[in-house]
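The values are calculated or read from the model by the stated rules, or taken from the named source; none is laboratory data. Predicted model, so just to flag it, every value in this text is computed and none were measured. So basically every Cβ, Gly included, is an ideal-geometry build from the backbone, and we count neighbours across all protein chains shown.
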Amino acid sequence: MLKVIRTNFDRREMRRDRRTPLPRLVVSIGNKDYEAQDWSLGGFQTIEGPAIGIGAHVTGKLRVAGRDEAYSFEAEAVRCIRTTHGVGFHFLGLSPELVTALDRAVMRRFVGRR
């Protein structure tokens, strides 16, 4: 069973997981790629698109920009971002492989490796 521990301790931020813009993520939904504006273990926000309604469930592939490995995900659209025409998504379930890949991407950034 996957255990998630709160990583955000800012009293003004009510999110469980801290958002990060880097490393960049590329999200494939359908046959189209979208760049994530920011992301956390709770979900991600695209810069533009896709054109779907709030509450819609999507499946796709997610990869760290510059890497070849892609990981499957399922998410729900939870908000539209008018300034960027993007969509905010909440992960409905993360595989241990995806959690590990995201964790490693963050750690590579912290230690200065790409």
Considering each of Thr46, Thr59 in turn, give the residue that is in contact (Cβ under 8 Å) with a residue 12 or more places away in the chain, closer than 18 Å to Glu35 by Cβ and among the polar types (S, T, N, Q). Thr46
Return the residues of the stretch 98-108 that are in contact (Cβ under 8 Å) with a residue 24 or more places away in the chain and under 16 Å from the mean Cα position of the chain (by Cα); say none if nothing qualifies. Leu98, Val99, Ala101, Leu102, Ala105, Val106
If the Cβ limit is 6 Å and pairs must be 6+ apart or interchain, which residue in the stretch 83-97 that is free of Cβ contacts under 8 Å to residues at least 40 places away in the same chain pairs with which residue that is surrounded by fewer than 19 Cβ atoms within 10 Å (Cβ to Cβ) and not charged (D, E, K, R)? Glu97/Tyr71
Residue ID - farthest from Glu97 (Cα to Cα), chosen from residues in the stretch 48-80 that are touching a Ser or Thr at 6+ places or on another chain (Cβ under 9 Å) and surrounded by fewer than 17 Cβ atoms within 10 Å (Cβ to Cβ): Glu48
Considering only the stretch 46-114, give the strands (runs of 3 or more DSSP E) lying wholly within it that have at least 1 residues that are modelled with pLDDT under 85. 86-93
Selection within the stretch 16-45 - surrounded by fewer than 16 Cβ atoms within 10 Å (Cβ to Cβ), in contact with a Lys or Arg (Cβ under 8 Å, 6 or more places away or on another chain) and modelled with pLDDT under 90: Arg16, Leu22
